[in-house]
Structures are given as structure tokens and as C-alpha cells.
Amino acid sequence: MKIKDIIAAIEIFAAPELQEEYDNAGLITGDKASDCTGVLCALDATLEIVTEAIERKCNLIVVHHPIIFKGLKKINGNTYVERLLIEAIKKDIAIYAAHTNLDNVVLGVNGKIAEKLGLQNVKILAPKQKILRRLITYAPNEKAEDVRKALFNAGAGHIGKYAECSFNSKGTGTFKAQKGADPFIGEIGKQHQEQETKIEIVYPFYLETQVMNALIDNHPYEEVAYDIFTIENAHNGIGAGIIGDLNEEADENAFLKSLKQLFNTAVVRHTALLNKRVKKVAVCGGAGAFLISSALQQGAHFYITADIKYHEFFDAEGKMVIADVGHYESEQFTVDLLVEILLKKFPTFAVLKTGLTTNPVRYF
Ligand SMILES: [Zn+2]
């Protein structure tokens, strides 16, 4: 097993291209071509986590939060970030972070919280636009099935819970091969008319290389005609936050109490209760103030998140209960998620969950 095999399994689940612009997810230290002795999963990379990894014979740490977030000008051990990097590099420990890319997939950080809360009918709270592209291409009728299959195998044609989606129409293509060409059909210097199928198919932008390779490799023509468009449709499986319904309506106080228990926190900071039964719940692990308006728009009764500032609590407008359960607390299940993603792919490999809590916040 190589470190790059572990990374590939995570990136199939949460493509690195889905991280936000400000983010720095990916391989932070280490050589992806090295053999992997074991993986330690945690929320944060800290010196204690590096020590734990060494003790448990793991040379790869997979975390949610990238330890390097902005540019470093010196690495001399002045800050905890620098000390950690020096230690990790000296001891040959690779650190990989799956951050906002793991937030932005439906079964990611927030999907895991929704699962813990038992939410039903879950969907992305703020689906992302400009993720999808549409490919239009033309293949001779008898080769259309081969081309379609290759595109499907490359990951194109997924819409919601449906795979192999495409639209196909028939028509006549014309071309005249010029000197030096090696046409699949037709003759040099003579216009050829071919009965062709126009294939239209969508794919997320980050699969473009493999989709295009599949097209070029499986299309019989020397010159493949195609168009690519970015489409405005939101992608319902990709975006920030999750919203869903509680299996059974709950009393507000009882629900808050259950949140304290589930997130194992001493304190939940929240806005005034609304004196109605809780049904629709929105969640966003970590700093989620940016989704308050989306949660309101979608009619959430409770919005469970973290890092809410004083003035942001007012944005609930008396129409929703914002419940701040703490940053670490809200994202703690991400460690289980990382372990599950890897064990699903490598059931017998040493994929370990940290035994440490990396929350820097204490409550008095
Ligand atoms: Zn976070």
C-alpha cells in the first residue's frame, strides 16, 4: 500500500477540486509515492497526534483541518505549526487534509452529523452552481453505444440517484477528409455523409480529464467533434450544509438536551426558543454563520453549527433557533467518517482512529 492509494480513496469520495478557494486541503507533508505503514485519523494535526502516529506505527495522518492554511516564511519552530511540521518531516510522517472538499459532499462532514441526528429526507442546504458541465458529441450510429458506455464508465451521466443519464438524437453528419487524414469512414477529398447520434451528457468539472480521455479513446473518428458547456444548474449533491427532518417531532428543550448529549458538550449557545415542535433541522459542522440565511430560507427550525459571533445570533430573526455546539464538537464525527471511508476501501489495512481529543477549547 502506498500513501497515494490512501489519498486516492479519499479523493474519490471528496474530490480535492471541491475545496473552497481559500482552503489548503491535500497532502501537506510527505511523499505520496512512499509505502504506507498505517493511517491515523484525527480532526487536527497536533504534536500529540504526530507522537501518537509514531507510537502506533502510522506514517500517514489523515485530518480534517489543514495545519498549513496560509503562507509560511520561516520554519524555525517559533510557532506550534512550525514545530509540528519540523517534527512530522523529521520523523517522515505524511499529513493529508480533507477539509472543505469533505464539507461539500452530501455524505461528508454534514451528512455524518445528519446521520447522528437521525435526520430524514436530507439534502444539501446550499447546493453549488457551476459544478456541472455538459458534453455534446456525435458518433456514427453503430458506435454510439460504445461511446456512451465509455463516458458512463468515466463518471459522466450521474443526476441525483440516477446513473447512465444521456440524451440521444439522430441526424446527418458531413465531413470531407483532407490530404494526410486517415478517415475511419469516407474517402480523401470527397464529402461523406454519415448517420450519427448526437449524445448529450453531464459530468462534474473535476472529472473532465477522465471523461475527455474516455471520449477520445473510444470514439472511432480521427477528429472527434464535441462541445463543452458550463451549465448554471445547481448540483444537488455538492454544496454547503445539510437540511433534513427529524424522524419524530421533538420538544425544543428536549432537543437541546439531546444535542448536549450527542455532541458531548457542556454548553450549547443558542437563540430564543420558538415554542413549537422541532421538525426541520439544518446543520453545518464548523464555522457556519455563512449559512444562516440559507437555513432561514429553507425553513429550518433549528440550525446546528459553531463559531457564531454575537451579532450573527441576531440574524436568526426570531424565526429559527441557532444552536452553537462548538467547533470541535460539531465536527468530531468527521474522524469516524474518515475511518469509514478508508476501511470500506481497505478493510484489512491499519486504519486507526485517534485516542486523543484535539479540542483547544475548555469550558469552566
Ligand atoms: Zn472545522
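The values are calculated or read from the model by the stated rules, or taken from the named source; none is laboratory data. Since the structure is predicted, the reported quantities are computational estimates derived from the model, not experimental observations. Cβ coordinates were reconstructed from backbone atoms using ideal geometry, including for glycine residues, and neighbour counts include every protein chain displayed. All accessible areas refer to the heavy atoms of the entire protein, side chains included, with ligands and DNA or RNA removed. Shrake-Rupley method; radii C 1.70, N 1.55, O 1.52, S 1.80 Å.
Kindly indicate whether any position in the stretch 149-160 is among the basic types (K, R), surrounded by fewer than 16 Cβ atoms within 10 Å (Cβ to Cβ) and part of a loop (DSSP other than H, G, I, E, B). Checked the stretch 149-160: no residue is among the basic types (K, R), surrounded by fewer than 16 Cβ atoms within 10 Å (Cβ to Cβ) and part of a loop (DSSP other than H, G, I, E, B).
Picking from residues in the stretch 306-321 that are away from the ligand (no atom under 12 Å from the Cβ) and open to solvent by less than 20 Å² (accessible area, probe 1.4 Å), the one that is nearest to K260 (Cα to Cα) is V321. Do we have any residue at all in the stretch 229-236 that's surrounded by 16 or more Cβ atoms within 10 Å (Cβ to Cβ) and either basic (K, R) or assigned to a strand (DSSP E or B) (or both)? Yes, the stretch 229-236 contains at least one residue that is surrounded by 16 or more Cβ atoms within 10 Å (Cβ to Cβ) and either basic (K, R) or assigned to a strand (DSSP E or B) (or both). When the residues of the stretch 54-69 are filtered to those that are within 16 Å of the ligand (Cβ to nearest atom) and more than 18 Å from I341 (Cα to Cα), the one that is surrounded by the fewest Cβ atoms within 10 Å (Cβ to Cβ) is F69. Of the residues A94, A9, A42, the single one that is within 30 Å of V281 (Cα to Cα) and in contact (Cβ under 8 Å) with a residue 60 or more places away in the chain is A42.
Okay, residues lined up against (1) within 16 Å of the ligand (Cβ to nearest atom); (2) within 20 Å of G108 (Cα to Cα); (3) in contact with a strand residue (DSSP E or B) (Cβ under 9 Å, 6 or more places away or on another chain); (4) not in a loop (DSSP other than H, G, I, E, B):
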| residue | (1), (2), (3), (4) |
| --- | --- |
| L256 | no, no, yes, yes |
| A272 | no, no, yes, no |
| K279 | no, no, yes, yes |
| G285 | yes, yes, yes, yes |
| F290 | yes, yes, yes, yes |
| L296 | no, no, yes, yes |
| I304 | yes, yes, yes, yes |
| A323 | no, no, yes, yes |
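All of T51, T37 fail the test of being of a type in the set (S, T, Y), open to solvent by 70 Å² or more (accessible area, probe 1.4 Å) and either closer than 15 Å to T334 by Cβ or outside any strand (DSSP E or B) (or both), apart from T37.
Within the option set A240, A214, being touching a residue at least 60 places away in the same chain (Cβ under 8 Å), among the small types (G, A, S) and under 26 Å from K309 (Cα atoms) holds for one residue only, A240.
For the stretch 258-270, filtered to residues that are over 20 Å from Y310 (Cα atoms) and touching a strand residue (DSSP E or B) at 6+ places or on another chain (Cβ under 8 Å), the residue that is surrounded by the fewest Cβ atoms within 10 Å (Cβ to Cβ) is S258.
For the stretch 8-17, the condition holds for at least one residue, the condition being that it is surrounded by 22 or more Cβ atoms within 10 Å (Cβ to Cβ), of a type in the set (A, V, I, L, M, F, W, C) and more than 16 Å from the ligand (Cβ to nearest atom). Considering each residue of the stretch 81-88 in turn, none proves to be in contact (Cβ under 8 Å) with a residue 60 or more places away in the chain and open to solvent by less than 20 Å² (accessible area, probe 1.4 Å). Comparison of K198, K179 shows that the only residue that is farther than 30 Å from K128 by Cα and open to solvent by 30 Å² or more (accessible area, probe 1.4 Å) is K179.
Is it the case, given these coordinates, that K128 is over 24 Å from C41 (Cβ atoms), touching a residue at least 12 places away in the same chain (Cβ under 8 Å) and buried (at least 17 other Cβ atoms within 10 Å of the Cβ)? It is true that K128 is over 24 Å from C41 (Cβ atoms), touching a residue at least 12 places away in the same chain (Cβ under 8 Å) and buried (at least 17 other Cβ atoms within 10 Å of the Cβ).
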